[in-house]
1. If the requirement is being modelled with pLDDT of 95 or more and not acidic (Asp, Glu), which of these qualifies: SER749, SER734?
2. For segment 736-753, state whether one or more residues are outside any strand (DSSP E or B), crowded, with 16+ Cβ neighbours inside 10 Å, hydroxyl-bearing (Ser, Thr, Tyr) and in contact with a Lys or Arg (Cβ under 7 Å, 6 or more places away or on another chain).
3. Please tell me if SER539 is among the small types (Gly, Ala, Ser), surrounded by fewer than 18 Cβ atoms within 10 Å (Cβ to Cβ) and within 22 Å of GLN476 (Cβ to Cβ).
4. Can we say TYR789 is surrounded by 23 or more Cβ atoms within 10 Å (Cβ to Cβ) and either in the same structural domain as ARG326 (by the TED database) or assigned to a helix (DSSP H, G or I) (or both)?
5. Checking CYS611 against (1) more than 30 Å from ALA542 (Cβ to Cβ); (2) out of contact with any Phe, Trp or Tyr (no Cβ under 6 Å at 6 or more places or on another chain); (3) touching a residue at least 60 places away in the same chain (Cβ under 8 Å); (4) open to solvent by less than 20 Å² (accessible area, probe 1.4 Å), which single condition isn't satisfied?
6. Just give me the residues in segment 651-663 being of a type in the set (Gly, Ala, Ser) and either loosely packed, with under 15 Cβ neighbours inside 10 Å or free of Cβ contacts under 8 Å to residues at least 24 places away in the same chain (or both), in sequence order.
7. Name every residue in segment 350-382 that is within 21 Å of VAL325 (Cβ to Cβ), part of a loop (DSSP other than H, G, I, E, B) and open to solvent by 20 Å² or more (accessible area, probe 1.4 Å), in order of residue number.
8. From the list ILE696, ILE624, pick out the single residue that is over 23 Å from the mean Cα position of the chain (by Cα) and either modelled with pLDDT under 95 or over 22 Å from ARG522 (Cβ atoms) (or both).
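The values are calculated or read from the model by the stated rules, or taken from the named source; none is laboratory data. The structure displayed is predicted, hence computed values, not measured ones. No Cβ is skipped: glycine too gets one built from the backbone with ideal geometry, and neighbour counts run over all protein chains shown. Ligands, DNA and RNA are excluded from the accessible area calculation, which covers all protein heavy atoms including side chains. Shrake-Rupley method; radii C 1.70, N 1.55, O 1.52, S 1.80 Å.
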Amino acid sequence: PFSLAPPHSSQPPVSTTYSAAPPPSYTQAPPPASSAPTQPAPPTGPTASQQYYRGPPLSSQQPSLPPTSQQQFTSSAPPPPSSQQTFPPTSYSGPMPPPSQVPPPPVSQPQQSFPPSQPPFSSAPPPVSQPAFTTGPPPPTQGSFPPRGPPPSSQPGSFPPPGPPPTSAPTGQYSSPMPPQQQLPPPQPSPYHSGPPPSTTQMPPTSMAQSNHLPPGPQGPLGPLQQPPSQPGMQGAYPPQQNGMKMAFSPSLSYFCFTSGSFGQVRGPQPGYAGPYPGQPNYGAPAPALAPPTQKRLDPDAIPSPIQVIEDDKAKSTEPFTTGVRGQAPPLVTTNFQVKDQGNASPRFIRCTAYNMPCTADMAKQSQVPLAAVIKPLATLPPDETPPYLVDHGEGGPIRCNRCKAYMCPYMQFIEGGRRFQCGFCSCVTEVPPHYFQHLDHTGKRVDCYDRPELSLGSYEFLATVDYCKNNKLPQPPAFIFLIDVSYNAVKSGMVSIVCQELKTLLDCLPRENPEMDSVVRVGFVTYNKVLHFYNVKSSLAQPQMLVVSDVSDMFVPLLDGFLVNVNESRLVIESLLDQIPEMFADTRETETVFGPVIQAGLEALKAADCAGKLFVFHTSLPIAEAPGKLKNREDKKLIGTDKEKSLFQPQVSFYNTLAKECVAQGCCVDLFLFPNQYVDLATLAVVPVATGGSIYKYTYFQAQSDQERFLNDLRRDVQKPVGFDAVMRVRTSTGIRATDFFGSFFMSNTTDVELAGLDCDKAITVEFKHDDKLSEETGALMQCAVLYTSCSGQRRLRIHNMAVNCCSQLADLYRNCETDTIINFFSKYAFRGVLNNPTKTVRDTLINQCAQILACYRKNCASPSSAGQVLKTSAQMHLFIHLGVSYMLLQMDPLLIIFPHQVSLFDSPTPCALFLTLLSPSCLQLMVVKQEDRAELIFKHFLVEDKSVSGGASYVDFLCHMHKEIRQLLS
């Protein structure tokens, strides 16, 4: 019962340049020189020196195409003989029905391709009318739950330890033969769905999955509710299924669902409930005693199909997504779509959990939906979309509000003939500088509104002045320093030779803003074991020179001139060094290494050069040598699963916390490549990379033959992708809400500024908002993300992203515009941080409780009475339900590695084999076939864990059943 989220596939890096020009003209960078073969060709249009289009363009919006018809998940063909399951005879006297039908997987819809975009910067005015959302509960559906017994007396957010699912049919006396199973109508997708799909990894055909193919029960009157007989290993497991509950599993959908035995019947009050919901009529329901109980079962057709929702969203997303409509939810993250910026930031930069924010804090607390936004400031855009424009206001710098310091944006209202503007965030009135003055038209807008990106677009950049630079001094171009472990383990595994060989060609691909020009990033090289070796690669030298620093307790850089050099100027010396390093340490016998002094060395080198930069550290083992930051082996598997397990996720020493603060102050980002063969205490080594905005890549039991390709792909991506340095991010909001919490890899010295030594195109920061006043439905809510950073060319810039969302006073409007992928992103980061200070079970219970609260609130306030017996109503809530099930199972596994061992028979081979699937990185999976007595069997055994019960933990269907009972308990 393991599940795995689909790996994130990121776009290849796109190098873009921006050239500043005096006002009022603005220039756009030329298109990237290269892109992935699968991407569409860049649009053909104006050159880089094209002037902005002046005057409002004509609207080119066309009516959206209707979505395609939904795929029917029904099948009349019998299952193959191999999938049939024999069940023990039950106590009813009717004939045994045929096995449950398995619906076929849906047919994928073809993806819609988009034509190249129009010439850059031709944004249309945002529509005047706001989207009208119907308030009140959604229309009822046909499916409903028949009456059942009282819910279990379990506490919300907690459940018994996992156990095996029941494999026997429910008991009960039946006096009538079983009627044939009724055909259920296909589910209809919700028109208000917004969110990502869950993982659709099919479960292996284990005994758990087979036990779900139970025969359909009779539809006649039931006997008294009885519990199925207990089985070995069921102590402490999930409460077994109630009599009359059936389960059905769909391998094409990979989830279970609840449904009633008959559709279209009048729903009566449920036993154990105080009649209908408060304030709602009885709808003519009969008395509980007169309502005949009907058979319940699980049916995959009772809830919307996530696969069908994904395909429908792809089919209807044929037009570009325009951001000018406030509160409009974007397409799913699984859909390829084109974005047209009309005043709000692209969903590639910002996604919100809810595009209809509740007006009051009480409403937000009642719904339990987190109010947050995931911000990816430097996200890579596809070739058919225009990068943010660079605006240069000269020595005066960007125009800002005098009170809240918000930057000029489309939400500013110009008054008094254009001489002043009123801030949309704090309502303060500010004088317009003389050089920025412009007259207003008859609608109150400036006549140059569509000539200025900051007045018509949601995302743009300002060229920062000296006032925005550290020490009032323009920054120097950044530097990359490669620090390579040359201990015995590193050399023997082949890592040293692979890194040196790859760097020869990779140094030609350093990040740059103009593909036609050489990169200005300088490079330096260090090798280390117990001591550090610095290399002088000055272009005037015939051979590189090595300088050894053995006093690691007081680290310093032994040379200034010749350590950080330009690649093109010192190419011959650098290639000679990379050829000699593997040969110099080929016969080393040194096994001990240091780690703290290595980062200190790179930091001191950047300080001496007075620039920001990135350290690429290639490390293999636990730093046990005598040096600052020395660690000891504290691995204790006995603590796993106990309340003391959280201590394994906390840093062992405080040395690295202090070192991380120094790195952030200098703009020194650290990327760590780990190649361990044993315990390395990643919780401590990761402190500096996490605090500086870096990345961590882990290659356990690295083997050059099998892991080289994956490692080199990660290294190339990490070196080439666009990156900014010495960044500071602040999120401003309109009156009524404020940013209260931040999640991600960064450092915060106060409560408002997010400091990142490095910020690349893959880094995202999740921001949580809270109410501090009542919001207005007329004005909505505004947020502005401003990031001050140094580009890879050494230019200080301000990147601005603006977002406006609606506000609502009805819970139905809130749930209708939830973005489930962002909600799961928030929950995942919240759980990750919670594991550092709380037992895993506490974090898991918190997630389950909050999900149950969300669904219970929706069911109580938004679901129609005819569907109140269902757990799920809209596809968006279904996604949330499924995603939380995946999160629940992931929390039971090793937080650093996810494996899927499964016994199989390959090609009728007499040798037993096992499939070993490992999550290696966010974008890579490794599949190994391990044979008995094979060399890789030792690696496979290392990851095997003992099952604590017969089934090895709660199955997915048990989790769904438990969630259903939790929701019923909250509503009772």
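1. After applying the criteria, what remains is SER734.
2. Quick first cut of segment 736-753, residues outside any strand (DSSP E or B) only: 736, 744-746, 748-753.
Now drop any that are not crowded, with 16+ Cβ neighbours inside 10 Å, which leaves 736, 744-746.
Filter once more, keeping what is hydroxyl-bearing (Ser, Thr, Tyr): 745.
This time we only want the ones that are in contact with a Lys or Arg (Cβ under 7 Å, 6 or more places away or on another chain), so: 745.
There is at least one residue in segment 736-753 that is outside any strand (DSSP E or B), crowded, with 16+ Cβ neighbours inside 10 Å, hydroxyl-bearing (Ser, Thr, Tyr) and in contact with a Lys or Arg (Cβ under 7 Å, 6 or more places away or on another chain).
3. Working: among the small types (Gly, Ala, Ser): yes; surrounded by fewer than 18 Cβ atoms within 10 Å (Cβ to Cβ): yes; within 22 Å of GLN476 (Cβ to Cβ): yes.
Yes.
4. Values: surrounded by 23 or more Cβ atoms within 10 Å (Cβ to Cβ): yes; either in the same structural domain as ARG326 (by the TED database) or assigned to a helix (DSSP H, G or I) (or both): yes.
Considered against the rule, which asks whether it is surrounded by 23 or more Cβ atoms within 10 Å (Cβ to Cβ) and either in the same structural domain as ARG326 (by the TED database) or assigned to a helix (DSSP H, G or I) (or both), TYR789 comes out as yes.
5. Of the numbered conditions (1) more than 30 Å from ALA542 (Cβ to Cβ); (2) out of contact with any Phe, Trp or Tyr (no Cβ under 6 Å at 6 or more places or on another chain); (3) touching a residue at least 60 places away in the same chain (Cβ under 8 Å); (4) open to solvent by less than 20 Å² (accessible area, probe 1.4 Å), the odd one out for CYS611 is (1).
6. SER654
7. Selection gives LEU381 alone.
8. Working: ILE696 fails: over 23 Å from the mean Cα position of the chain (by Cα).
Of ILE696, ILE624, the one residue that is over 23 Å from the mean Cα position of the chain (by Cα) and either modelled with pLDDT under 95 or over 22 Å from ARG522 (Cβ atoms) (or both) is ILE624.
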